[in-house]
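Asks: First, the structure itself, so that you have it in front of you.
Read the figures in this text as sums done on the coordinates, not as results from a lab. Quick caveat: nothing in here was measured; it's all calculated off a predicted structure. Neighbour counts are summed over all protein chains in view; Cβ atoms, including those assigned to glycine, are modelled from backbone coordinates with ideal geometry.
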């Protein structure tokens, strides 16, 4: 008798009910007394999840850095006239913020 995977599968795009049914693949890997196919192997699923989370954490860290920089730019510009900012010239605000970063 061929063992079946104990993994669960959601219905395809035509199944709008959201029902879950057992995987139809043959099981090839045993983990903690349960049999799984290659796709539902808990070790592989965990590794894939960690890889995906690491990728999103990297993107989120970059986004947070950009947001923090923009918030600093906004706070720096509050109360400063447009005329003063124009006197700083192109890249003047960046130089000002870089100087402030070096002081911290």
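Asks: Once you have the Cα-Cα distance between residue 23 and residue 77, take 0.36 nm times their residue separation minus that, and quote the gain in nm to one decimal.
Replies: Details: separation 54, 0.36 × 54 = 19.44 nm, distance 5.82 nm.
Extra length available between residue 23 and residue 77 comes to 13.6 nm.
Asks: Here's a follow-up. Just one of (1) 2.09; (2) 1.33; (3) 1.79 is Cα Rg over 2.2 N^0.38 Å calculated from these coordinates, so which is it?
Replies: Computed from the coordinates, Cα Rg over 2.2 N^0.38 Å corresponds to (1).
Asks: Tell me the angle of helix 92-103 to the major Cα principal axis of the chain, expressed in degrees between 0 and 90 and rounded to the nearest ten.
Replies: For helix 92-103, the angle is close to 80 degrees.
Asks: A further question follows. Taking only Cα atoms, what is the 0 to 90° angle, nearest 10, from helix 42-77's long axis to the longest principal axis of the chain?
Replies: 10
Asks: So if R0 is 22 Å, what FRET efficiency would residue 2 and residue 32 give, r being the distance between their Cβ atoms, rounded to the nearest 0.05? Walk me through the numbers on the way to the answer.
Replies: Working: r = 20 Å, r/R0 = 0.92.
Between residue 2 and residue 32 the formula returns 0.60.
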